[in-house]
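Student: This is the structure I have questions about; it appears just below.
The values are calculated or read from the model by the stated rules, or taken from the named source; none is laboratory data. As the structure is a computational prediction, the values presented were derived from the model and not from experiment. So basically every Cβ, Gly included, is an ideal-geometry build from the backbone, and we count neighbours across all protein chains shown. SASA here: full protein model, heavy atoms, side chains in, ligands and nucleic acids out. Shrake-Rupley method; radii C 1.70, N 1.55, O 1.52, S 1.80 Å.
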Amino acid sequence: MCFMRSDINTGAAECRNTPGAVLVDVREPDEFKSGHIPGAANLPLSQIGKAGFDRDTPLFVCCLRGTRSIRAVSELRRMGYTKVRSIGGITRYRGPVER
């Protein structure tokens, strides 16, 4: 699995097609409620240290524009997560959203 930043549309599709993967949206709860990718888990960047996923779970991380997801990936890697990747910001997402 490549762990470089990618297009959010491609990344969301890869997440859906990766067994056991979790899509993590690191925006704050009010931002998340305003519209998020269906099935995404909300774990704000401010609480990333509380991530409780198995360290080998494939994590696809998004935010609003991509900056926070890159920071979250850095922190998750520091915490020992091995399959984590930023897929960018939801502002470029072209699929359905949940509110």
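Student: Could you give the size of the charge dipole of the chain about its Cα centre, using +1 on the Cβ of each K and R and -1 on the Cβ of each D and E, expressed in debye and rounded to the nearest 20? Each step should come with its number before you reach the end.
Tutor: On the way: 16 positive and 10 negative charges, 47 e Å.
Magnitude of the dipole: close to 220 debye.
Student: Now, a different point. Mind checking Rg over Rh on the stretch 47-99, alpha carbons, Kirkwood formula for Rh? Can you show the working numbers first?
Tutor: Details: Rg = 11.7 Å, Rh = 11.6 Å.
Across the stretch 47-99, the Cα-based Rg/Rh ratio is 1.00.
Student: A follow-up question, please. From the convex hull of the Cα coordinates of the chain, what is the mean projected area in square nanometres?
Tutor: 5.4
Student: Taking only protein heavy atoms into account and a 1.4 Å probe, give the accessible area per residue of the chain in Å².
Tutor: Values: 5370 Å² over 99 residues.
Using a 1.4 Å probe on heavy atoms only, each residue of the chain averages 54 Å².
Student: If you don't mind, another one. Looking at S74, N9, A21, which one has the Cα that reaches farthest to the positive end of the dipole of the chain (charges on Cβ: Lys, Arg +1; Asp, Glu -1)?
Tutor: S74
Student: Rounded to the nearest 0.05, what FRET efficiency is calculated for T67 and V97 with R0 set to 35 Å and r the Cβ-Cβ distance?
Tutor: Plugging the Cβ-Cβ distance into 1/(1 + (r/R0)^6) gives 0.95.
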